[in-house]
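Working notes, beginning with the structure itself.
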Amino acid sequence: MATKVLMVCLGNICRSPLAEGVFRHLSDPSNFIVDSAGTANYHTGAAPDSRSIAVAAKNGINISNQKARQLTRDDIATFDHILVMDQQNRIDALALCNTQEERHKIELLTSSSGHNTSHVPDPYYGDENDFDTVFELVYSCCEAWLTKH
Ligand code: 4NP
């Protein structure tokens with residue numbers, strides 16, 4: 001059975017849509033199902049940020065069809081791995097967990113990479129360069145994660 005992976009950030013419009021798109025691009029669909037969600041509901045129903053769409057497109061990945069949604073209790077039960085972008089996402093996702101088994105599903109996307117970076121920085125108030133940085137980081141973290149699973 002395919003392993004279910006959920007990418008989580010705050011708004012589900014900048015980082016986790018990129019992580020979802022990159023992960024899908026790099027993985028075998030018969031082995032992995034990937035989705036994304038945000039801990040907040042600010043942008044529910046919205047397409048990814050135009051700067052995320054642009055950096056993905058520049059790298060041959062189309063994320064424009066994604067729609068933002070909020071992380072739910074159901075997600076925690078359903079997904080096998082919940083890969084969060086930063087420590088606050090981790091705290092918010094852990095707050096939805098009921099069991100130790102569920103808490104073990106929550107991990108930082110950056111934790112399996114060789115990077116010194118402890119989190120994927122929020123590019124929302126940044127510029128195009130910040131989105132390039134996020135793309136490169138997310139890409140290498142997804143590659144590293146997939147070599148371990
Ligand atoms: P994301 O970025 O968590 O990577 O999707 C953000 C998007 C929106 C906001 C913050 C971060 N916001 O405050 O609206």
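The values are calculated or read from the model by the stated rules, or taken from the named source; none is laboratory data. All values derive from a computational prediction rather than experimental measurement. Don't worry about glycine lacking a Cβ; one is built from the backbone with ideal geometry, like all the others, and counts go over all protein chains shown. For accessibility, only protein heavy atoms count, side chains too; no ligands or nucleic acids. Shrake-Rupley method; radii C 1.70, N 1.55, O 1.52, S 1.80 Å.
Of all residues in the stretch 1-26, which are under 16 Å from Asn62 (Cα atoms), touching a helix residue (DSSP H, G or I) at 6+ places or on another chain (Cβ under 7 Å) and either surrounded by fewer than 20 Cβ atoms within 10 Å (Cβ to Cβ) or among the charged types (D, E, K, R) (or both)?
The answer is Arg15, Leu26.
Is there any pair with a first residue in the stretch 120-141 that is in contact (Cβ under 8 Å) with a residue 60 or more places away in the chain and within 13 Å of the ligand (Cβ to nearest atom) and a second that is part of a loop (DSSP other than H, G, I, E, B) and not hydrophobic (A, V, I, L, M, F, W, C) whose Cβ atoms are under 6 Å apart and which are 6 or more apart or on different chains, and what are they?
Phe131/Pro123; Val134/Pro123
So that you can scan it fast, the table gives a plain yes or no per residue for (1) open to solvent by 30 Å² or more (accessible area, probe 1.4 Å); (2) more than 11 Å from the ligand (Cβ to nearest atom); (3) modelled with pLDDT under 95:
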residue	(1), (2), (3)
Pro29	yes, yes, no
Ser52	no, no, no
Ala56	no, yes, no
Gln70	yes, yes, no
Thr78	yes, yes, no
Ile82	no, yes, no
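Ser112 is checked against (1) in contact (Cβ under 8 Å) with a residue 24 or more places away in the chain; (2) touching a strand residue (DSSP E or B) at 6+ places or on another chain (Cβ under 8 Å) and fails just one. What number does that condition carry?
Of the numbered conditions (1) in contact (Cβ under 8 Å) with a residue 24 or more places away in the chain; (2) touching a strand residue (DSSP E or B) at 6+ places or on another chain (Cβ under 8 Å), the odd one out for Ser112 is (2).
Residue pairs, Cβ under 7 Å, 6 or more apart or interchain, first in the stretch 77-91 and of a type in the set (Val, Ile, Thr), second open to solvent by 50 Å² or more (accessible area, probe 1.4 Å). List them.
Here the result reads Thr78/Lys4; Val84/Arg90, each pair linking the stretch 77-91 to a residue that is open to solvent by 50 Å² or more (accessible area, probe 1.4 Å).
Could you go through the stretch 34-42 and let me know if any residue there is surrounded by 23 or more Cβ atoms within 10 Å (Cβ to Cβ), more than 13 Å from the ligand (Cβ to nearest atom) and touching a residue at least 40 places away in the same chain (Cβ under 8 Å).
no
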